[in-house]
Amino acid sequence: MTNPRLLPLFATIAIFLVACVICYIQFPFMASTRVLGNLLTDNAYLGIVAVGMTIVILSGGIDLSVGSVIAFSGVFIAVLLRDTNLHPMIVFALLLIVTTAFGAAMGGLIHVLAMPAFIVTLAGMFLARGAAYMLTIDSVPIDDPFFEMLQKAYYLMPGKGRLTLIGVVMLITVLVGMIVAHRTRFGASVFAIGGGEQTAKLMGVKVAQTTVGIYAFSGFMAGLSGIVFSIYTGSGYPLATVGTELTAIAAVVIGGAILSGGAGYVFGTLIGVLTMGLIQTYIVFDGSLSSWWTKIVIGALLLLFIVLQKGLLRLSVARLSGGTA
Amino acid sequence: MLLSIRSLTKRFPGTLALDDVRFDLKAGEVHALLGENGAGKSTLIKCLTGAYRPDGGDITLDGEKISPRSTSEAQELGIGTVYQEVNLLPNLTVAQNLCFGREPRRMGMIQTRAMTRQADAMLEAYGLDIDVTRDLGLYSVAIQQIVAIARAVALSGKVLILDEPTASLDAREVEMLFEVVRGLREKGLGIVFVSHFLDQVFELSDRVTVLRNGRHVVTEDIAELDRVKLIEHMLGHALETEVDDHATPHDDSAPKRPEMLKFRQMGRAGVVHPFDLDVRQGEVVGLAGLLGSGRTESAEFLFGLRSGGTATDTDGDVPLDTPRKAIAAGFGFAPEDRKTDGIVADLSVRENIALALQAARGWARPIPRAEQARLADMYIERLDIRTSDAEKRVGELSGGNQQKVVLARWLAMNPRFLILDEPTRGIDVGAHAEILRLIHELTAEGMALLVISSELDELIAVSDRVIVVRDRRHVAELTGSDIRTDTIVHAIAHRDDIGEVA
Ligand SMILES: Nc1ncnc2c1ncn2[C@@H]1O[C@H](COP(=O)(O)OP(=O)(O)OP(=O)(O)O)[C@@H](O)[C@H]1O
Ligand SMILES: [Mg+2]
């Protein structure tokens, strides 16, 4: 008997495979490494930020600030590269320190004030967006040789598909996220808090440290996502990635995590991101469909998963009272 | 002295939960901590394990002063605890729960396979052969309880604290637990044992400390005490009436009562073998059997929590496909696992008590606030619910008092047929007697009751008829003078091998 908690993950993978088959039947040439390479590149920033979001959601929290943090990151990098002589790597390091500290501060507030994460990160969302505006109100192009090199770095897969640097960064991030969530004590604590904070406390979870850690992790991922996004677009713009936090949440839920926390898989989130990317690619290939179809399909998928989760909950309750004694 | 606590004080808004309490634990003893519901036992324990910060007092372990700031700190000091609420995480696997915080790691990564092996080894002593890689929440409350105990035992290098560990265990499991505890005592651990089952206290403990209203009353060797004296210490006065005075007379000439409900073919294969049941007005039907025998499931069919079978009363069919319809038909059900099924921790005592009655009336017709307050005050008084006032959050009451609130909720509804699953679990001796008294009053007014209980004395005291459930089947029905401990025990364990529970 499989563990019922695996079912949403299987459902996610099944849906993704079905989507692949549909795409293949309609457009056989979509099955190429080129499409795969683009899929990874186009969704790299989303995948990275969704890994952070997964950890947050596993703990039963939410982080609404990430979209703004990505925009802030882009502006921060662009402005610093324009106005100073710092090497991009140093700028990246500075940025990651800032966004991680920002996340940690939000986590601290959530714990100390016992405030809902929703409110605190909503404030964070406005703050980060405002900070981006403070740096500039225009789109700032990035013009830096090292940066250009990063943009052009790719590995040519058989079939002429380009596995870009940022695509690889995304895959590595997912791997790291999987290890953190499922193979470390920190990850176990995250699941524990998602399962019930009071109980977690009695079991010896260091709730304060873990909460700070969770939002710091998400802040770090948002910063990394911002770096990737700036490489992807080659500029910094304070109005960029509005609503990305919601797309990330959608990816996490489609990936099979439960919004109330305590159950889910980082790998599922990757599949969630790829599913959403695939839908978009399909619509681009089709050409006659307008882009809002993406949103409609994603909306439908979200609904499907919510229903699936409800059903699972029923199932496990029924098993609990009926099966084992 | 292994552990000693001096002038411990803990204040909650509106309550002084612990007032200058002292407590000593020797190495190699089982020390029972007793007291009425709300006396402060769990609070004492939580201060000791760092779950609460005490407002004053000293704790010394092995001669060194400690003040654990978190439960993990206490765990590192060698204090393992089973809290009163089943306190593990249903969304983690059994193995994760057992090894939480001490997972075998290599380079920071948890070794899942080693963890599974470790978990299997931890459960071995309890004769529990379950798949530890499955979620804990998929297993029954009894198994979860054993897992919690196994975890605490593994954590207890010096001190093991058990706060009502036996509440959801059957006799065999309790015996197994006691064996483990005796083994640990031999090894020189100090064990704190909280229970409302006085028989268990006398069986297991070496010394007893009694608390009352947050104060230390007495500490004595168990040999110096008898049941009556112990109860006197707990209540502050003698228990006027113990169960027997209220016992239903079990002669065969009991008057026939008017018929009320007929259940036919209740049950479903694989859950409970379909059974028929007739209930008369003012009758108390007892349901006896081991945990997991199908007692609770039987009750769930009768209340529409599971569908299968039909019910009729004198006016015709009674639809029972959902609990809501059952409530509308005048049924009530106080479930066994009140922590998860019963309490709405964030609502006040008043709101919790009014809940079922409100549901029965429909939400369109709210119960006037004054009426709610009257009901709440009445049951707070009748059931002796220890709370500063009716507006207190139920989550802030002691475990036993939360259970009383759930009982009050269903009593307030004044149903014609009420199912009570383990009505006195975790409830102290004083309130226990009061609840049995209440049951007699209710049936005198015509309410019919189905009482499920593992305590045979209690069942015998209240029932007009006892049905015995074994292996998911109703196997015997005892009436009149046949209702005796020996007959029930015989029916429960008819086959000499007692089936595997798990
Ligand atoms: N978190 C809390 N907030 C406010 N009051 C509390 C809290 N926990 C306990 N109390 C109060 O402290 C007192 C002692 O409660 P405690 O849980 O220690 O009782 P207990 O002896 O364990 O009783 P029981 O046998 O019912 O478990 C009670 O009056 C209770 O209402
Ligand atoms: Mg208690």
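Just to be sure before I move on: is B:Ala299 touching a Phe, Trp or Tyr at 6+ places or on another chain (Cβ under 8 Å), away from ligand 2 (no atom under 16 Å from the Cβ) and within 14 Å of chain A (Cβ to nearest Cβ) in the structure I sent?
yes
Given the criterion more than 22 Å from B:Glu259 (Cα to Cα), of a type in the set (Val, Ile, Thr) and crowded, with 22+ Cβ neighbours inside 10 Å, identify the matching residue among B:Ile492, B:Ile488, B:Ile419. Before the answer, list the steps.
Numbers: B:Ile492 fails: crowded, with 22+ Cβ neighbours inside 10 Å; B:Ile419 fails: more than 22 Å from B:Glu259 (Cα to Cα).
None of the other options fit; the residue is B:Ile488.
Looking only at residues that are under 30 Å from A:Ile227 (Cα atoms) and surrounded by fewer than 18 Cβ atoms within 10 Å (Cβ to Cβ) in the range A:16-34, which one is nearest to the other protein chains (Cβ to nearest Cβ)?
A:Cys20
Mind checking which residues of the range B:101-121 are part of a helix (DSSP H, G or I) and of a type outside the set (A, V, I, L, M)? I'd like the intermediate steps shown before the answer.
Keep residues of the range B:101-121 that are part of a helix (DSSP H, G or I), which gives B:112-121.
Result: B:Thr112, B:Arg113, B:Thr116, B:Arg117, B:Gln118, B:Asp120.
Could you grab me the full set of residues in the range B:365-416 that are of a type in the set (Ser, Thr, Tyr) and surrounded by fewer than 21 Cβ atoms within 10 Å (Cβ to Cβ)?
Within the range B:365-416, just B:Ser388 meets the criteria.
Yes/no per residue for (1) within 14 Å of chain B (Cβ to nearest Cβ); (2) modelled with pLDDT of 90 or more:
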{"residue": "A:Leu7", "(1), (2)": "yes, no"}
{"residue": "A:Ala14", "(1), (2)": "no, no"}
{"residue": "A:Leu36", "(1), (2)": "no, yes"}
{"residue": "A:Ile48", "(1), (2)": "no, yes"}
{"residue": "A:Val56", "(1), (2)": "no, yes"}
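Among the residues in the range B:22-45, are any within 16 Å of ligand 1 (Cβ to nearest atom), under 24 Å from A:Lys206 (Cβ atoms), in the same structural domain as B:Leu204 (by TED's automatic domain parsing) and surrounded by fewer than 20 Cβ atoms within 10 Å (Cβ to Cβ)?
no
Looking at B:Leu155, is it more than 16 Å from ligand 2 (Cβ to nearest atom), at negative phi and buried (at least 20 other Cβ atoms within 10 Å of the Cβ)?
yes
Pairs under 6 Å by beta carbon, first residue closer than 19 Å to B:Phe23 by Cβ in the range B:153-164, partner part of a helix (DSSP H, G or I) and within 16 Å of ligand 2 (Cβ to nearest atom), six or more apart or different chains?
From residues that are closer than 19 Å to B:Phe23 by Cβ, the pairs are B:Ile161/B:Ile45; B:Asp163/B:Ser42; B:Asp163/B:Ile45.
All but one of (1) within 26 Å of B:Leu138 (Cα to Cα); (2) more than 14 Å from chain A (Cβ to nearest Cβ); (3) of a type outside the set (S, T, N, Q) hold for B:Asp62; state the number of the condition that does not hold.
Looking at each condition in turn, B:Asp62 falls short on (1).
Within the range B:377-384, identify whether any single residue is within 14 Å of ligand 1 (Cβ to nearest atom), hydrophobic (A, V, I, L, M, F, W, C) and in contact (Cβ under 8 Å) with a residue 24 or more places away in the chain, and answer yes or no.
The answer is yes; a qualifying residue exists.
Just to be sure before I move on: is B:Tyr52 free of Cβ contacts under 8 Å to residues at least 60 places away in the same chain, within 16 Å of ligand 2 (Cβ to nearest atom), within 14 Å of another protein chain (Cβ to nearest Cβ) and not polar (S, T, N, Q) in the structure I sent? Steps first, please.
On the way: free of Cβ contacts under 8 Å to residues at least 60 places away in the same chain: yes; within 16 Å of ligand 2 (Cβ to nearest atom): yes; within 14 Å of another protein chain (Cβ to nearest Cβ): yes; not polar (S, T, N, Q): yes.
Considered against the rule, which asks whether it is free of Cβ contacts under 8 Å to residues at least 60 places away in the same chain, within 16 Å of ligand 2 (Cβ to nearest atom), within 14 Å of another protein chain (Cβ to nearest Cβ) and not polar (S, T, N, Q), B:Tyr52 comes out as yes.
Can we say B:Glu434 is more than 15 Å from ligand 2 (Cβ to nearest atom), over 19 Å from B:Ala17 (Cβ atoms), touching a strand residue (DSSP E or B) at 6+ places or on another chain (Cβ under 7 Å) and of a type in the set (Asp, Glu)?
When the stated conditions are applied, B:Glu434 does not pass them.
Consider B:Gly446 against the criteria (1) closer than 22 Å to B:Ala17 by Cβ; (2) more than 11 Å from ligand 1 (Cβ to nearest atom); (3) surrounded by fewer than 18 Cβ atoms within 10 Å (Cβ to Cβ): it satisfies all of them except one. Which criterion is unmet?
The number of the failed condition is (1).
Helices (runs of 4 or more DSSP H) wholly in the range B:338-405 with at least 1 residues that are among the aromatic types (Phe, Trp, Tyr) and more than 21 Å from B:Gln84 (Cα to Cα) - which ones?
B:369-382
Go through the range A:188-202 and give me each residue that's crowded, with 20+ Cβ neighbours inside 10 Å, facing chain B (nearest Cβ under 8 Å) and over 15 Å from B:Gln75 (Cβ atoms).
A:Phe191, A:Gly194, A:Gly195
Within the range B:65-74, can you find the residues that are small (Gly, Ala, Ser) and within 14 Å of chain A (Cβ to nearest Cβ)?
B:Ser70, B:Ser72, B:Ala74
From the list B:Leu61, B:Leu16, B:Leu48, which residue is crowded, with 24+ Cβ neighbours inside 10 Å and either more than 26 Å from the chain's Cα centre (by Cα) or within 16 Å of ligand 1 (Cβ to nearest atom) (or both)?
B:Leu48
How many of the residues making up the range B:123-161 are assigned to a strand (DSSP E or B) and within 14 Å of chain A (Cβ to nearest Cβ)?
2
If I ask for residues that are more than 16 Å from ligand 2 (Cβ to nearest atom) and not in a strand (DSSP E or B), which ones from the range B:83-100 would you list?
The answer is B:Leu88, B:Leu89, B:Pro90, B:Asn91, B:Leu92, B:Val94, B:Ala95, B:Gln96, B:Asn97, B:Leu98, B:Cys99, B:Phe100.
Select from the range A:206-229 the residues that are more than 7 Å from chain B (Cβ to nearest Cβ) and either under 24 Å from B:Ala152 (Cβ atoms) or among the aliphatic types (A, V, I, L, M) (or both) and list them in ascending order.
Listed by number, the residues that qualify are A:Val207, A:Ala208, A:Gln209, A:Thr210, A:Val212, A:Ile214, A:Ala216, A:Met221, A:Ala222, A:Leu224, A:Ile227, A:Val228.
With within 16 Å of ligand 2 (Cβ to nearest atom), touching a Ser or Thr at 6+ places or on another chain (Cβ under 6 Å) and more than 11 Å from chain A (Cβ to nearest Cβ) as the only criterion, which of B:Gly38, B:Gly57 stands out? Spell out the reasoning first.
Working: B:Gly57 fails: within 16 Å of ligand 2 (Cβ to nearest atom).
Of the residues listed, the single one that is within 16 Å of ligand 2 (Cβ to nearest atom), touching a Ser or Thr at 6+ places or on another chain (Cβ under 6 Å) and more than 11 Å from chain A (Cβ to nearest Cβ) is B:Gly38.
The values are calculated or read from the model by the stated rules, or taken from the named source; none is laboratory data. Remember, it's a predicted structure, so these values are computed and weren't measured experimentally. All Cβ positions, glycine included, derive from the backbone under ideal geometry; neighbour counts span all protein chains shown.
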